[in-house]
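**Q** Once you've had a glance at the structure underneath, I'll fire off some questions.
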Amino acid sequence: MNEKIKIIAGVAIFAVIFTCPLWINMGKAKEAPVPVLAEKAKAAKACILPKDEMRAKHMKILDGWRNSVVRDGQRIHMVKDADGKEKEYEMSLSNTCLGCHTNKAEFCDKCHSYASVNPYCWDCHVDPNAKKEASL
């Protein structure tokens, strides 16, 4: 009987210590403010998809583009616009996306920092503004 009490006490102490960080932070957790982008995309009148859809799916789109270009040699992405007309876009982070979203720090880095993600896009792609700054 004496060992049963020790076991129960040990499990209770373990449970309290293990869940202590959850109890301490219970009322303190605040959501970080969603980043506000200072400037809008420059060249295009509209993105390849509506803004909300691009925010939710841009990584899947870019990953799909990478696979299509690298593995299949397909470089054109066709999208139907609101009028039902098909419009073609080059599958290119550097030429299509960064053609309008010219400031990587403003469009990419702010949101990726907010979401705590470190994408591998820049392992291969070069930030066009970095080339300009390096040459100055």
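The values are calculated or read from the model by the stated rules, or taken from the named source; none is laboratory data. Given the structure is predicted, the values throughout are model-derived calculations rather than measurements. Ideal geometry is used to build each Cβ from the backbone, glycine not excepted, and the neighbour counts take in all protein chains shown.
**Q** So Ser92 clears everything in (1) at pLDDT below 85; (2) over 22 Å from Val34 (Cβ atoms); (3) of a type in the set (Ser, Thr, Tyr) except one condition, right? Which one?
**A** (1)
**Q** For Asp81, only one of the following conditions fails: (1) surrounded by 10 or more Cβ atoms within 10 Å (Cβ to Cβ); (2) modelled with pLDDT of 80 or more; (3) not small (Gly, Ala, Ser). What is its number?
**A** (2)
**Q** Within the bounds of segment 55-71, is there any residue that is under 20 Å from the mean Cα position of the chain (by Cα) and either part of a strand (DSSP E or B) or in contact (Cβ under 8 Å) with a residue 60 or more places away in the chain (or both)?
**A** Among the residues of segment 55-71, at least one is under 20 Å from the mean Cα position of the chain (by Cα) and either part of a strand (DSSP E or B) or in contact (Cβ under 8 Å) with a residue 60 or more places away in the chain (or both), which makes the answer yes.
**Q** I'd like the full set of residues that are without any contact (Cβ under 8 Å) to a residue 12 or more places away in the chain and of a type in the set (Asp, Glu), limited to segment 92-115.
**A** Asp109
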